[in-house]
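Only one structure is covered here, and it is reproduced in the block below.
The values are calculated or read from the model by the stated rules, or taken from the named source; none is laboratory data. These numbers were taken from a predicted model, which means no experiment stands behind them. Cβ placement follows ideal geometry from the backbone for every residue including glycine, while neighbour counts extend to all protein chains displayed.
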Amino acid sequence: MNLDKANAALDSVYTADTPEALASAYADWAATYDSETASLGYLLPFLISAWVARHVPAGEGPLLDAGCGTGLSGPSLKALGYDDIAGLDLSDDMLKLAGGRNAYGELKKAMLGGPLPWPDRHFRAFFSTGVFTIGHAPASGLRELVRITKAGGHAIFTVRDQVFESGGFQAVFDELSEAGKWRLAEQSPWFRCYAIGDPEALVKTFVFEVL
């Protein structure tokens, strides 16, 4: 597997400067995304299931994979007993691949930061990995995700180190806390998101209880 090719694809999605450019970059990458991110040792779509399993009992209602990409998280969560999973992504090509995994009951095209096509308090929890990162979803997207999550549900997501400060994540966290929308349940230390490539790329997982 060519690590250079995988790194070049990563660069193309990190440097996309419009939603259209980002969708186009993922369309170009979709067919080889799984094998190339695997070559970098991309952990997050699989690791997030640990936090989901710790905070969300299976069978308590639908989960949303927010920014599901090719659907790498779905099968591992299905294997753990989570049968009611929806996914959203901005890329038709990625959603097509996610649909082939037989782990998602519903897949919708939507963009984080804009309105989401579900009613208030619909999901038991949402989870999201590799989405709050360079050139991707804004921190403001968390407001809509919280809107569609039930009271007593959970928000489980990773944030890349390079955007945590510059992207205003703490301000949105504080705003939602002060408005009584959620409270922090757990945060991880910073850790590597690629086991093999890019040792400088760090993320943190946050878990909030929605109120």
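Taking every residue in region 172-191 that is among the hydroxyl-bearing types (Ser, Thr, Tyr) and pairing it with any residue that is surrounded by 14 or more Cβ atoms within 10 Å (Cβ to Cβ), at least 6 positions away or on another chain, the pairs with Cβ-Cβ distances below 7 Å are 188/204; 188/205.
One line per residue, one yes/no per condition, for (1) of a type outside the set (Ser, Thr, Tyr); (2) assigned to a helix (DSSP H, G or I); (3) within 30 Å of residue 38 (Cβ to Cβ):
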residue	(1), (2), (3)
172	yes, yes, no
177	no, yes, no
184	yes, no, no
196	yes, no, yes
206	yes, no, yes
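I'd like to know if region 114-131 contains one or more residues that are among the small types (Gly, Ala, Ser), at pLDDT below 95 and closer than 21 Å to residue 88 by Cα. Yes, region 114-131 contains at least one residue that is among the small types (Gly, Ala, Ser), at pLDDT below 95 and closer than 21 Å to residue 88 by Cα. Is region 170-191 home to any residue that is surrounded by 14 or more Cβ atoms within 10 Å (Cβ to Cβ), in contact with a Phe, Trp or Tyr (Cβ under 8 Å, 6 or more places away or on another chain) and at pLDDT below 95? Among the residues of region 170-191, not one is surrounded by 14 or more Cβ atoms within 10 Å (Cβ to Cβ), in contact with a Phe, Trp or Tyr (Cβ under 8 Å, 6 or more places away or on another chain) and at pLDDT below 95, which makes the answer no. Once region 146-169 is narrowed to residues that are aliphatic (A, V, I, L, M) and at pLDDT 95 or above, the residue that is surrounded by the fewest Cβ atoms within 10 Å (Cβ to Cβ) is 151.
A search for C-beta distances below 6 Å between a residue of region 35-46 that is modelled with pLDDT under 80 and any residue that is surrounded by fewer than 18 Cβ atoms within 10 Å (Cβ to Cβ) and not in a helix (DSSP H, G or I), counting only pairs 6+ apart in sequence or on different chains, returns 39/1.
Under 18 Å from the mean Cα position of the chain (by Cα) and farther than 21 Å from residue 113 by Cα, is that true of residue 201? Against the criterion (under 18 Å from the mean Cα position of the chain (by Cα) and farther than 21 Å from residue 113 by Cα), residue 201 qualifies. Looking across region 137-177, the residues that are of a type in the set (S, T, N, Q) and under 20 Å from residue 56 (Cα atoms) come down to 149, 158. Taken over region 132-148, the criterion of being under 18 Å from residue 117 (Cα atoms) and among the β-branched types (Val, Ile, Thr) is satisfied by 146, 148. Do any residues in region 58-84 that are touching a residue at least 24 places away in the same chain (Cβ under 8 Å) and farther than 20 Å from residue 96 by Cβ have Cβ atoms under 6 Å from those of residues that are acidic (Asp, Glu) and surrounded by fewer than 24 Cβ atoms within 10 Å (Cβ to Cβ), where the two are at least six apart or on different chains, and which pairs are they? Final answer for the pair search is 62/84.
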